[in-house]
Amino acid sequence: VVRASSAEVAVRMAEALVEGGIDVLEITMTVPGALEAIRELTKNDRVLVGAGTVLDASVAEDCIEAGAQFIVSPGFSVDTVRACNAASIVVAPGALTPTEVIIAFQAGGDVIKIFPCDALGGASYLKSLKAPLPHIPLMPTGGVTLATLADFLNAGAVAVGVGSSLVDPKLSRAQLIERAREFSRIAQGLN
């Protein structure tokens with residue numbers, strides 16, 4: 001999950017992540033010039049680039065037009081899900097409770113973003129959700145760190161959203177590349 005002060009900074013950080021082995025990037029709509037960053041990053045066919053913090057269908061459509069290959073939201077908007085479904089774009093609406101997860105999935109969410117997962121117990125909460133809902137793909141976001149990544153994957157996450165514990169703007173390019181490599185090693189060790 002790339003949050004940055006500008007599109008240029010987002011692209012530089014994203015390129016470092018790719019060099020470190022991360023091949024799925026979410027550029028949040030909180031980045032000034034996010035659509036430009038998405039357009040630039042989708043030129044690399046080795047990377048899957050999506051848009052995050054998408055709060056409505058209109059913004060989702062703008063992101064898709066810019067080349068976003070998936071859409072992520074911190075909450076659930078049926079109109080956003082419908083717009084993505086109509087465009088055949090993967091959508092990950094946000095949910096937290098079992099009821100919200102079921103509603104978002106039944107409405108057409110492809111993967112349900114569990115956010116903020118750490119607020120309700122992290123990996124143990126995800127595991128609790130998976131018990132009665134094993135058929136619903138869940139992507140925890142919030143609290144995913146080097147120390148917790150394996151726990152989330154072992155609890156049944158199909159993917160994870162990693163924010164500031166990976167994409168820390170205070171890190172140098174070399175440090176960001178190494179951090180990405182550390183996350184990649186942990187994820188690949190569980191496959």
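Normalised by the empirical 2.2 N^0.38 Å for globular proteins, what value does the Cα Rg of the range 131-191 take? Display every interim value, and only then the final one.
On the way: Rg = 12.7 Å, N = 61, 2.2 N^0.38 = 10.5 Å.
The reported ratio for this selection is 1.21.
Given N residues in the range 75-188, what is Rg(Cα) / (2.2 N^0.38 Å)? Please report the intermediate quantities before stating the final value.
On the way: Rg = 14.9 Å, N = 114, 2.2 N^0.38 = 13.3 Å.
Here the Cα radius of gyration is 1.12 times the empirical estimate.
What is the spread of the Cα atoms of the range 1-96 along each of their three principal axes, largest first, in whole Å?
For the range 1-96, the Cα spread along each principal axis is 35, 25, 25 Å.
At each listed q (0.19, 0.25, 0.26 Å⁻¹), what is the log10 of I(q)/I(0) that the Debye formula gives for the range 69-136 modelled as equal alpha-carbon point scatterers?
Normalising to I(0) and taking log10 leaves -0.67, -1.04, -1.10.
Evaluate Rg over Rh across the chain, taking Cα atoms for both radii and Kirkwood's formula for Rh.
On the way: Rg = 15.6 Å, Rh = 16.5 Å.
In the chain, Rg relative to Rh is 0.95.
Under the rule of at least 5 residues apart or a separate chain, name every residue whose amide H is placed under 5 Å from the amide H of ILE27.
VAL2, GLY50, ALA51, GLY52
Mind giving me the nanometre distance, one decimal, between the label points for GLU19 and LYS130, set 7 Å out from Cα along Cα→Cβ?
Distance between the two pseudo-spin positions: 3.4 nm.
For the range 97-146, what is the Kirkwood hydrodynamic radius in Å, using each pair of distinct C-alpha atoms? All intermediate terms of the calculation are to be shown ahead of the outcome.
Working: mean 1/r = 0.0919 Å⁻¹.
Result for the range 97-146 stands at 10.9 Å.
Computed FRET efficiency, Cβ-Cβ of SER88 and ALA119, R0 25 Å: what is it to the nearest 0.05?
0.15
For the chain, what is the accessible area per residue in Å², given a 1.4 Å probe and the full set of protein chains? Provide the component values of the computation, followed by the final result.
Numbers: 8890 Å² over 191 residues.
Ligands and nucleic acids excluded, the result is 47 Å² per residue.
Going Cα to Cα from LYS130, which lysines come in below 26 Å? Please leave out same-chain ones fewer than 8 positions away.
Partners found: LYS113.
In the P(r) worked out for the range 32-87, what percent of Cα pairs fall beyond 15 Å?
On the way: 615 of 1540 pairs.
Cα-Cα pairs in the range 32-87 separated by more than 15 Å: 40 percent.
Could you give the DSSP H helices of the chain that reach 20 angstrom or more along their long axis (alpha carbon positions) and whose average Kyte-Doolittle hydropathy is no lower than -1.0? Numbers along the way, then the final one.
On the way: long enough: 173-189 (24 Å, -0.72).
Correct list, ordered by number: 173-189.
The values are calculated or read from the model by the stated rules, or taken from the named source; none is laboratory data. A quick note: this is a predicted structure, and the numbers were derived from the prediction, not measured. Please note: Cβ atoms are built from the backbone with ideal geometry, for glycine as well, and neighbour counts cover all protein chains shown. Accessible surface areas use protein heavy atoms only, side chains included; no ligands, DNA or RNA. Shrake-Rupley method; radii C 1.70, N 1.55, O 1.52, S 1.80 Å.
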